[in-house]
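The structure appears right after this line, and notes come after that.
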Amino acid sequence: MVRVTCTRCGRTYTLTSEQIVLAVEESRGTKRRHYVATCPYCHHATKVPLRPIRQEYARMERLGTLPEVAIAEEAPPPNSEGSAGDEGTQKRE
C-alpha cells in the first residue's frame with residue numbers, strides 16, 4: 001500500500017495494486033523518478049516518487065499477490081470478419 005497525500009486538497013488515498021503494477025511497468029527502461037497519480041477526490045495530478053512504489057511492487061512480487069493487468073495499447077484489436085467496418089481494410093492485390 002502506497003499512501004499519497006494530494007497537494008491540492010490535502011486528502012490521503014492509497015494507490016491500488018493495479019496502479020502500482022502500471023507505474024512500475026511504465027517506468028521500466030526509463031529514467032523516470034516519479035509517477036503521476038490522480039486524486040480520486042479533486043482529480044488533481046500529484047507526483048509520487050517511484051522508490052516506494054517499486055518497493056511495494058517487490059513486496060507484492062515476493063508474496064505472489066501481483067494482479068494481472070492488461071494494458072489496452074498492447075492488446076491486439078479484435079478480428080471480426082465480415083463486419084461492415086472491415087470492407088475498406090481488406091488487402092488489395
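The values are calculated or read from the model by the stated rules, or taken from the named source; none is laboratory data. Quick caveat: nothing in here was measured; it's all calculated off a predicted structure. Counting neighbours? That spans all protein chains shown, and the Cβs are built from the backbone with ideal geometry, glycine included.
Among residues that are surrounded by 11 or more Cβ atoms within 10 Å (Cβ to Cβ) and over 15 Å from the mean Cα position of the chain (by Cα), TYR57 is not included.
Residue count for region 25-53 satisfying the condition of being at pLDDT 95 or above, part of a helix (DSSP H, G or I) and surrounded by 12 or more Cβ atoms within 10 Å (Cβ to Cβ): 3. Counting only residues that are modelled with pLDDT of 95 or more and within 15 Å of the chain's Cα centre (by Cα), which one in region 3-18 is nearest to ARG54 (Cα to Cα)? Filtering region 3-18 for residues that are modelled with pLDDT of 95 or more and within 15 Å of the chain's Cα centre (by Cα), the one nearest to ARG54 (Cα to Cα) comes out as LEU15.
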